[in-house]
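The values are calculated or read from the model by the stated rules, or taken from the named source; none is laboratory data. None of these values were measured; they are calculated from a predicted model. Because the Cβ atoms are built from the backbone with ideal geometry, glycine has one as well, and the counts that use them run over all protein chains shown. We work out accessible area using only protein heavy atoms, side chains counted, and drop any ligands, DNA or RNA first. Shrake-Rupley method; radii C 1.70, N 1.55, O 1.52, S 1.80 Å.
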Amino acid sequence: MKNEASQTIKLALPIVIGELAQMALHLIDTAMVGAISYKQLAAAALVINAMNIPFVIGIGMTISVSQMVSMANGRRDAQQVSHYLFNGFCLCAVVAILISLTLVLGKDLLGHLGQDPEVVTLALPFMQLMGFSIIPMLLFMTLKQFADGLEFTRTAMILSLAGMPLNILLNWLLIYGNWGFPRLELVGAGWATLITRSIIFIALGGVILRHRTFSRYVAVRSNQWKLKINTLRELLHIGVPSSLQIGMEAGAFAVSGIIIGTLGAVAQAAHQIALSCASFTFMVSMGLAQAGSIRVSNAFGRGDWKKLTVIGKSTIYTALAYGAFCAIAFVLLRNILPKAFNDNFLVLEMTATLILFAAVFQISDSTQAISAGLLRGIKDVKTPTMLIGIAYWVVGIPFGYLLAFRYKLGAAGMWIGLITGLTLASVFLITRFLKMTERAIANKETV
């Protein structure tokens, strides 16, 4: 168990660093925009909440590439790996364009969500730029999932890290108008994100097409780079439920943010800061989930259920330990972390309270993400999607809304609802993974 946990962490580490680098870009944007005013921060939060659901749906589609590539790699089938790369990239490109157009053309909906009018005015041009940036980001994620599925995780990590100083420089130039550049404030953050995402996508594409590590998969392109309906169906079989799973969780947080936004700009800003901190720690869980999913998928491709079970259990234990560590850190740093984002007393006071709630759900947030990834690794996606939907949307969000408005708990009430949904999802998914693996091993031994 200890050995398998160590191998999963080793595989996860570059993924985690890459995910943290991507999240750091959002935190940097939030902090640099928040230094101008809390209204600008609230506008950024509104856009992020509004686009979060379609964005993570796109990410869910990219996950299908790593799952299918990993299974083919487990069978040592390089031709099939190349085939999944091409079909997955084409599918995700179409999805990225559709999501981008939806966000750009539908940006005026922000004015109908009951938000502060000044916040909406600031948010509209930012929404358009962030919508366009979805295309290079999802294409980068698709290529990253391909490399991750082959367990070559360092390339995307390096590019993600390289994007951080580039994004900071562009923010410094365009948000504040340094070195003779125009002072664009929140719009400048949007341009910085679009440019950074485009550059790292082009760079990763160049590496995959030209580096010898991936040459065996590119060399067979004349035979394998062809669209096939059956292959697209396989990818959609994993991608659609994965998108729904991630979308329902992200949607729960996004809708909570929009609901909290109706309480005022202070509540919206506080929610965004607390959520940014929780999202940062969640990226480690996502990296562990992806590494565990890749290793489980590889074992599933070979039909090795005993190893698969040990990998899964060891990853869940790792999630428990990590979640506990994050919970303690949040409690200790609840009054320090908010000061990195804003200096408004009311915002800081409310954020400190919300970070305490974020501390409570760290364990359940980590374990539910990892158990969902493990189930994707064995191609079990439909029932987990239904269980996640019940946890968040039948229980979590309605309960949070009731506490927030009926019992006058405000933003804290919505966060209690999120805690409830995450905990239920964690229990449902861990139980299902353990039962499915036990049943599979029992059936195999009986045969």
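In the stretch 148-158, which residues are part of a helix (DSSP H, G or I) and touching a residue at least 60 places away in the same chain (Cβ under 8 Å)?
Within the stretch 148-158, Asp148, Gly149, Arg154, Ala156, Met157 qualify.
Return the residues of the stretch 80-119 that are small (Gly, Ala, Ser), farther than 30 Å from Gly301 by Cα and in a helix (DSSP H, G or I); say none if nothing qualifies.
Ser100, Gly111
Which pairs do you get when a residue that is closer than 21 Å to Ile238 by Cα and of a type in the set (Val, Ile, Thr), found in the stretch 384-395, comes within reach of a residue that is open to solvent by 70 Å² or more (accessible area, probe 1.4 Å) and in a helix (DSSP H, G or I), reach meaning Cβ atoms under 9 angstrom, with the pair 6+ apart or on two chains?
The qualifying pairs are Thr385/Leu244; Ile388/Leu244.
Condition test on Leu122, is it open to solvent by 10 Å² or more (accessible area, probe 1.4 Å), part of a helix (DSSP H, G or I), within 26 Å of Arg183 (Cα to Cα) and at pLDDT 85 or above?
yes
So if I check each of Leu204, Leu170, Leu184, which one is outside any helix (DSSP H, G or I) and not basic (Lys, Arg)?
Leu184
Of all the residues that make up the stretch 221-256, how many are farther than 18 Å from Thr62 by Cβ and free of Cβ contacts under 8 Å to residues at least 12 places away in the same chain?
3
Would you please name the residue that is farthest from Ala269 (Cα to Cα), looking only at residues in the stretch 336-347 that are within 26 Å of the chain's Cα centre (by Cα) and either of a type outside the set (A, V, I, L, M) or surrounded by fewer than 23 Cβ atoms within 10 Å (Cβ to Cβ) (or both)?
Here the residue is Ile336.
Within the group Thr315, Thr353, which residue is open to solvent by 10 Å² or more (accessible area, probe 1.4 Å), outside any loop (DSSP other than H, G, I, E, B) and β-branched (Val, Ile, Thr)?
Thr353 is the lone residue from the list that is open to solvent by 10 Å² or more (accessible area, probe 1.4 Å), outside any loop (DSSP other than H, G, I, E, B) and β-branched (Val, Ile, Thr).
Scanning for something at pLDDT below 90 and open to solvent by 20 Å² or more (accessible area, probe 1.4 Å), does the stretch 185-197 turn up at least one residue?
The answer is yes; a qualifying residue exists.
Just to be sure, is Ile258 surrounded by fewer than 22 Cβ atoms within 10 Å (Cβ to Cβ) and either charged (D, E, K, R) or modelled with pLDDT of 90 or more (or both)?
No; evaluated as a whole, the condition is false for this residue.
From the list Ser82, Ser100, pick out the single residue that is of a type in the set (Ser, Thr, Tyr) and touching a residue at least 40 places away in the same chain (Cβ under 8 Å).
Ser82
Applying the selection to the stretch 365-390, what residues are part of a helix (DSSP H, G or I) and surrounded by fewer than 24 Cβ atoms within 10 Å (Cβ to Cβ)?
Lys382, Thr383, Thr385, Met386, Leu387, Gly389, Ile390
Take the residues in the stretch 271-309 that are more than 28 Å from Val255 (Cα to Cα), open to solvent by less than 10 Å² (accessible area, probe 1.4 Å) and of a type outside the set (S, T, N, Q), then tell me which one is modelled with the lowest pLDDT.
Ala299
Here is a yes/no grid of residues against (1) under 21 Å from Gly34 (Cα atoms); (2) polar (S, T, N, Q); (3) touching a residue at least 60 places away in the same chain (Cβ under 8 Å):
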| position | (1), (2), (3) |
| --- | --- |
| Cys277 | yes, no, yes |
| Met283 | no, no, yes |
| Ile294 | no, no, yes |
| Ser297 | no, yes, yes |
| Ala324 | no, no, no |
| Leu333 | yes, no, no |
| Asp343 | yes, no, no |
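Any residue in the stretch 173-189 that is within 18 Å of Thr30 (Cβ to Cβ) sitting within a Cβ distance under 7 Å of a residue that is open to solvent by 10 Å² or more (accessible area, probe 1.4 Å) and basic (Lys, Arg)? List the pairs, counting only those 6 or more apart or interchain.
These pairs meet every condition: Tyr176/Arg183.
Hey, among the residues in the stretch 67-117 that are closer than 28 Å to Arg197 by Cα and among the charged types (D, E, K, R), which one's surrounded by the fewest Cβ atoms within 10 Å (Cβ to Cβ)?
Across the stretch 67-117, the extreme among qualifying residues is Asp108.
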